[in-house]
Amino acid sequence: MRPAVSAAPKPNPPRQIRVATLTFSDTRGKHDDASGQLLDELLGAAGFYVVSHAVVREDRETIRAAMAALCARADIDAVITTGGTGLAPRDGTVEAVVPLLDKRLDGFGEAFRRLSWDEIGPNAVLSRALAGTAGRTVVACLPGSRKAVRLGVEALLVPTLRHAVELARGERVAHEHDGRDGGSAATPTPGQEGP
């Protein structure tokens, strides 16, 4: 009689990334927050768990307080916002959020503006979309239009957010330099999926 062959242990499925979302607006409320609703729908459809959503008025201190409170929560991996990234007098998202960031991901804003250029032309340079980390929480701030939300989520956040969260949380080994200027290749922690 042959000994039973044991099946290889199945790897643990990757944990769900927990996201809080905010809309910054003086004119929209819970019932007419079309961009915020789309943001939550797209993130949910991509497999992220939306923990909470709120509409916050465009006051820098209010924005900073709301962001700081969410970034301090252990049950939130990322905070994604929409609105307030333009040049209008009340657009203060960047000024409110940047002091909270430990690290900026300049490539996020650069990529967003590059992709926006294909859709809206030179006006893309007027966007101040940004991303970074506050402690171990990933932060991304998108413009307030539905078109911008869709672009930011589908083209940038869906492909990169899990990896960014794992790096920010220390769930992946540090990068190994691959010899190119500024380039690196992430090495997965044993038992975890690759990128």
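The values are calculated or read from the model by the stated rules, or taken from the named source; none is laboratory data. What you are looking at is a predicted structure, and each value in this text was computed from that prediction instead of being measured. Neighbour counts are summed over all protein chains in view; Cβ atoms, including those assigned to glycine, are modelled from backbone coordinates with ideal geometry.
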- Name every residue in region 72-93 that is surrounded by fewer than 17 Cβ atoms within 10 Å (Cβ to Cβ) and either among the β-branched types (Val, Ile, Thr) or within 19 Å of Pro159 (Cα to Cα) (or both), in order of residue number. none
- Message: Please count how many residues of region 72-110 are farther than 21 Å from Asp33 by Cβ and either assigned to a helix (DSSP H, G or I) or in contact (Cβ under 8 Å) with a residue 12 or more places away in the chain (or both).
- Response: 19
- Query: Within region 50-61, is even one residue in a loop (DSSP other than H, G, I, E, B) and under 18 Å from the mean Cα position of the chain (by Cα)?
  - Reply: no
- Of (1) closer than 23 Å to Gly86 by Cα; (2) at pLDDT 95 or above, Gly44 fails just (1)
- Given (1) out of contact with any strand residue (DSSP E or B) (no Cβ under 6 Å at 6 or more places or on another chain); (2) hydrophobic (A, V, I, L, M, F, W, C); (3) not in a helix (DSSP H, G or I), number of the condition Ala131 does not satisfy: (1)
- Considering only residues that are closer than 11 Å to Leu151 by Cβ and touching a residue at least 40 places away in the same chain (Cβ under 8 Å), look in region 114-139 and name the one that is surrounded by the most Cβ atoms within 10 Å (Cβ to Cβ). Ala129
- Task: For region 19-30, indicate whether the set of residues that are at pLDDT below 95 and among the basic types (Lys, Arg) is non-empty.
- Result: yes
- Message: Kindly evaluate Pro190 against the criterion of being modelled with pLDDT under 95 and at negative phi.
- Response: yes
- Query: Residues Leu101, Leu38: which one is modelled with pLDDT of 95 or more, within 14 Å of the chain's Cα centre (by Cα) and aliphatic (A, V, I, L, M)?
  - Reply: Leu101
